[in-house]
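The values are calculated or read from the model by the stated rules, or taken from the named source; none is laboratory data. Computed from a predicted structure; not experimentally measured. Please note: Cβ atoms are built from the backbone with ideal geometry, for glycine as well, and neighbour counts cover all protein chains shown.
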Amino acid sequence: MKKIICIGLLTAALVSCSQQEAKVMARFVPERMDDFVWENEYVCYRAYGKALEGNPTSPGFDVWVKTPGALVANSRYEGYLREGDRYYHTDRGDGKDCYKVAVSLGAGASAPLVDGQLIYPATNFRSWEIVDSSATSISFILHYPAWEVNGVEVALDKKITVESGSYFCKAEDCYTGDFDTLMIAAGIFTHDGWEDCYKGSDRFAIWEKASDTSFEPEDGMIGAALHMPGAESVIELEANRPHIVATRKVVPGEILSYSFGSCWSKGDIKDSSSWFEMLKAL
């Protein structure tokens, strides 16, 4: 009897450990045009890789909205292999892809800002590495090769950390090149305008209708937000598609840190006021 109890306790412990390990994930997705995807219980994002260059070539982060709980990315990619893009553009009870990135910053990427213009990387990320991984946190780096910014070659190594229990991810950008200082803008594509917006001195959030309704018209509302400690400004841009961005100058090799997050009105956060209060509490 004692042996049976011990085996039962061990099995329960292993199940608990397995469940804990499933709270975050990040991986390269060669089977879907070289995406890189990351998620926790509340948020899911992807960045575009080499195979998708030209369709689009964009540094923007795509949001896959989800209801809080289980990880969904792997099952959505499995569905994609069976049925194509339509699979993850359809809500099957746990969310979907209803966010339009196009050529933009999407929901939280960054780019140099020169004379009011965002100077996007010439390629999508070309390589990646997982630099830290535990049961509740994963950090990885996306490498963007050098491209020309105002006559100077500039490269970007973007480290992202996703942790269990948070609607926000942390970005740590390292821009390098032969420049003295470079203005960087991190922000959010605002599509056709927002229903509600909050702007502070170093943070902002929007509440807008789902921007990709090509497969299903009723997709709820999407909240997106960004917080950049030490930001020099929070401004709206009209060039390179409409954005709200936080800006700060950096020198070569300096780490620019900020947090970006998202939510869906069909999840736990139902309205803009709740979303804005979460941002203010950071």
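Given the residues Asp91, Asp85, Asp97, Asp34, which is the only one that is modelled with pLDDT of 90 or more, charged (D, E, K, R) and at positive phi? Working first, answer last.
Details: Asp91 fails: at positive phi; Asp85 fails: at positive phi; Asp97 fails: at positive phi.
The conditions single out Asp34.
List pairs: first in region 119-144 and without any contact (Cβ under 8 Å) to a residue 24 or more places away in the chain, second assigned to a strand (DSSP E or B) and of a type in the set (Lys, Arg), Cβ under 6 Å, 6+ apart or cross-chain?
Ile141/Lys159
Just need a number here: residues in region 118-139 that are among the hydrophobic types (A, V, I, L, M, F, W, C) and in a loop (DSSP other than H, G, I, E, B).
4
Scan region 246-253 and give yes if some residue there is at pLDDT 95 or above, buried (at least 17 other Cβ atoms within 10 Å of the Cβ), among the polar types (S, T, N, Q) and under 28 Å from Asp157 (Cβ atoms), otherwise no.
The answer is yes, given that some residue of region 246-253 is at pLDDT 95 or above, buried (at least 17 other Cβ atoms within 10 Å of the Cβ), among the polar types (S, T, N, Q) and under 28 Å from Asp157 (Cβ atoms).
Within region 50-59, is even one residue farther than 21 Å from Glu148 by Cα, buried (at least 20 other Cβ atoms within 10 Å of the Cβ) and modelled with pLDDT of 95 or more?
no
Restricting to region 198-220, name every residue that is buried (at least 17 other Cβ atoms within 10 Å of the Cβ) and either under 16 Å from Leu237 (Cα atoms) or acidic (Asp, Glu) (or both).
Listed by number, the residues that qualify are Tyr198, Asp202, Arg203, Phe204, Ala205, Ile206, Glu208, Asp212, Asp219.
Looking only at region 96-117, count every residue that is surrounded by fewer than 23 Cβ atoms within 10 Å (Cβ to Cβ) and part of a strand (DSSP E or B) and tell me the total.
Going through region 96-117 one residue at a time, the tally reaches 2.
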